[in-house]
1. Is there any pair with a first residue in segment 9-35 that is in contact (Cβ under 8 Å) with a residue 24 or more places away in the chain and a second that is open to solvent by 20 Å² or more (accessible area, probe 1.4 Å) and part of a helix (DSSP H, G or I) whose Cβ atoms are under 6 Å apart and which are 6 or more apart or on different chains, and what are they?
2. From the residues in segment 25-49 that are under 14 Å from LEU12 (Cβ atoms) and among the acidic types (Asp, Glu), which one is surrounded by the most Cβ atoms within 10 Å (Cβ to Cβ)?
3. Just one of ALA77, ALA34, ALA40 is among the aliphatic types (A, V, I, L, M) and in contact with a helix residue (DSSP H, G or I) (Cβ under 8 Å, 6 or more places away or on another chain); which is it?
4. For segment 50-72, which residues satisfy the criterion of being open to solvent by less than 90 Å² (accessible area, probe 1.4 Å), of a type outside the set (Ser, Thr, Tyr) and within 19 Å of LEU12 (Cβ to Cβ)?
5. Residue check: is ALA11 outside any helix (DSSP H, G or I), of a type in the set (A, V, I, L, M), modelled with pLDDT under 90 and surrounded by fewer than 16 Cβ atoms within 10 Å (Cβ to Cβ)?
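The values are calculated or read from the model by the stated rules, or taken from the named source; none is laboratory data. The shown structure was predicted, so the numbers you read here are calculated from the model rather than taken from an experiment. When we count neighbours, we look across all protein chains shown, and the Cβ atoms used for this are built from the backbone with ideal geometry, even at glycine. The accessibility values were calculated without ligands, DNA or RNA, using every heavy atom of the protein model including side chains. Shrake-Rupley method; radii C 1.70, N 1.55, O 1.52, S 1.80 Å.
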Amino acid sequence: MAEANASAVGALLNGIDLPASRDEIVRYADEQGADSAELAALRGLQEREYESTMDVVEALSPVQPNLPEPEPRAPRAESGEPPGREQYTR
């Protein structure tokens, strides 16, 4: 989000009733006097419910890395006797 500052948009959204859809967020920002760059950025959000202003800010300017899902691994075989052998399970 180069043209609009994500933190400024977050501040602009203070007072909105959340959760809110993208369209509700755009409408609220427009009522609060958002400029064209801020409105364009908000219109570019994915259509879903946003739970908090930080949720909106994160969607506009992601901070968290988008990591791939780890591949499931089979459990490893036991490595030998437990410490204390049969006393371990008593």
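1. Close Cβ pairs (under 6 Å, with a partner that is open to solvent by 20 Å² or more (accessible area, probe 1.4 Å) and part of a helix (DSSP H, G or I)) amount to VAL9/GLU38; GLY10/THR53; GLY10/VAL57; LEU13/THR53; ILE16/TYR28; ALA34/LEU12.
2. GLU38
3. Numbers: ALA77 fails: in contact with a helix residue (DSSP H, G or I) (Cβ under 8 Å, 6 or more places away or on another chain); ALA40 fails: in contact with a helix residue (DSSP H, G or I) (Cβ under 8 Å, 6 or more places away or on another chain).
Answer to the check: ALA34.
4. ASP55, VAL56, VAL57, GLU58, ALA59, LEU60
5. Values: outside any helix (DSSP H, G or I): no; of a type in the set (A, V, I, L, M): yes; modelled with pLDDT under 90: yes; surrounded by fewer than 16 Cβ atoms within 10 Å (Cβ to Cβ): yes.
No, not satisfied.
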